[in-house]
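A short write-up of the structure that comes next.
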Amino acid sequence: AQRVTQPEKLLSVFKGAPVELKCNYSYSGSPELFWYVQYSRQRLQLLLRHISRESIKGFTADLNKGETSFHLKKPFAQEEDSAMYYCALGRGATNKLIFGTGTLLAVQP
Amino acid sequence: EPEVTQTPSHQVTQMGQEVILRCVPISNHLYFYWYRQILGQKVEFLVSFYNNEISEKSEIFDDQFSVERPDGSNFTLKIRSTKLEDSAMYFCASSEKGPRVDGYTFGSGTRLTVV
């Protein structure tokens, strides 16, 4: 079965510290993985996709097929990074998303 | 920047009543979706819509649910006879070229409370 696991409900770090938000997936095919972010009182927004291999707001994520992981990383956390982060797996002809349960990142000053 | 607009932001309804949740996708988008999030749980796919028909639906999307694009701009989700367990945040999303290419743009959601 397709599944996305985000083991941490809450991750609290200090400003300037490195951040790693964990995501593991279960999918037999070739996965398409995404990170979405939801800032307080705002809508879900696409942060990045593994296909584009981009860095957005200092965040990167590398797909590791061997470990079936797509962890989100940032070397130096900022207070404005505080938000809910969702890892998602795209599948099917319509590329519907299967979401993880989300990790709340809290960056302390 | 163009937005996906959802109305109302919050709706309270009695069990057994019909509700219609409305969405106005971005005008040049062709792919439309509904997701929901029950409080404390993950965001779940309900249905996708393309070329004026449902392209995929989840097992949650039973006969009580329907979607329509009545006038070429609005995209609605109807729940015929609401149950307490339908209480959730409902998100509409759209995509221009397909989410593999340009991802989704989500609306801000409608919080449905069934009492």
Gaussian network model of chain A, springs between alpha carbon atoms under 10 Å - residue of A:S26, A:S40, A:S82 with greatest fluctuation: A:S40
Choice from A:A83, A:A17, A:A61 showing the highest fluctuation, given a GNM over chain A with Cα pairs closer than 10 Å: A:A17
³J(HN,Hα), Karplus 6.51/-1.76/1.60, whole Hz, each residue of the range A:52-67, x for Gly, Pro: 7, 6, 9, 10, 10, 6, x, 8, 9, 8, 10, 7, 10, 5, x, 9
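Compute the length gained on full extension between B:I26 and B:Y50: take 0.36 nm times their separation in residues and subtract their Cα-Cα distance, giving the result in nm to one decimal.
Working: separation 24, 0.36 × 24 = 8.64 nm, distance 1.39 nm.
Result for the pair: 7.2 nm of gain on full extension.
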Cβ-Cβ FRET estimate between A:T5 and B:R100, R0 fixed at 25 Å, reported to 0.05: 0.65
Local electrostatic count, B:P25, Cβ distance below 15 Å [Lys/Arg +1, Asp/Glu -1]: -2
Inter-label distance, nm, simple model (7 Å from Cα along the C-beta direction), A:K15/B:D63: 5.8
Alpha carbon centroid spacing (whole Å) that separates the range A:20-89 from the range B:52-102: 25
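Let me check I have the definition right: for chain B, take the eigenvalues of the Cα gyration tensor, multiply each by 5, take square roots. What are those semi-axes in whole Å, largest first?
Numbers: eigenvalues 101, 39, 36 Å².
Those come to 22, 14, 13 Å.
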Length gained when the stretch A:K65-A:S40 is fully extended (0.36 nm per residue, less Cα-Cα span): 5.8 nm
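Tally Lys/Arg at +1 and Asp/Glu at -1 over every other residue whose Cβ is under 15 Å from the Cβ of B:E1; what's the total? Please list the in-between numbers first.
Values: positive: A:R43; negative: B:E3, B:E96, B:D102.
Once positives and negatives cancel, what remains is -2.
Just the Kirkwood number for the range B:1-60, please: inverse of mean 1/r across all distinct Cα pairs, in Å, one decimal. Intermediate results must be reported in sequence, preceding the final value.
Numbers: mean 1/r = 0.0738 Å⁻¹.
Hydrodynamic radius (Kirkwood, Cα pairs) of the range B:1-60 is 13.6 Å.
Using a 10 Å cut-off on Cβ atoms, rank the peptides B:77-87, B:49-59 from the highest mean neighbour count down. Show your work: numbers first, answer last.
Values: B:77-87: 15.5, B:49-59: 13.5.
The peptides rank, most packed first, as B:77-87, B:49-59.
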Percent of alpha-carbon pairs separated by more than 30 Å within the protein assembly as shown: 24
Across A:K73/A:K96; A:K22/A:K65; A:K9/B:K83; A:K22/B:K97; A:K22/B:K42, pairs whose alpha-carbon gap is larger than 19 Å: A:K73/A:K96; A:K9/B:K83; A:K22/B:K97
Local net charge near B:V101, Cβ-Cβ under 13 Å (Lys/Arg +1, Asp/Glu -1): 0
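Give me D for chain A in µm² s⁻¹, whole number, from Stokes-Einstein with Rh from the Kirkwood sum over alpha-carbon pairs, 20 °C and 1.002 mPa s. Please list the in-between numbers first.
Working: Rh = 13.9 Å.
So the translational diffusion coefficient is about 154 µm²/s.
Regarding the range A:1-60, what is the average projected area of its C-alpha convex hull, in nm²?
Numbers: hull surface 21.3 nm².
Over all viewing directions, the range A:1-60 projects a mean Cα-hull area of 5.3 nm².
Bear in mind that the values in this text are calculations on the coordinates, not laboratory data. This one's a predicted model, so the numbers in the text were calculated from it and none came from an experiment. Counting neighbours? That spans all protein chains shown, and the Cβs are built from the backbone with ideal geometry, glycine included.
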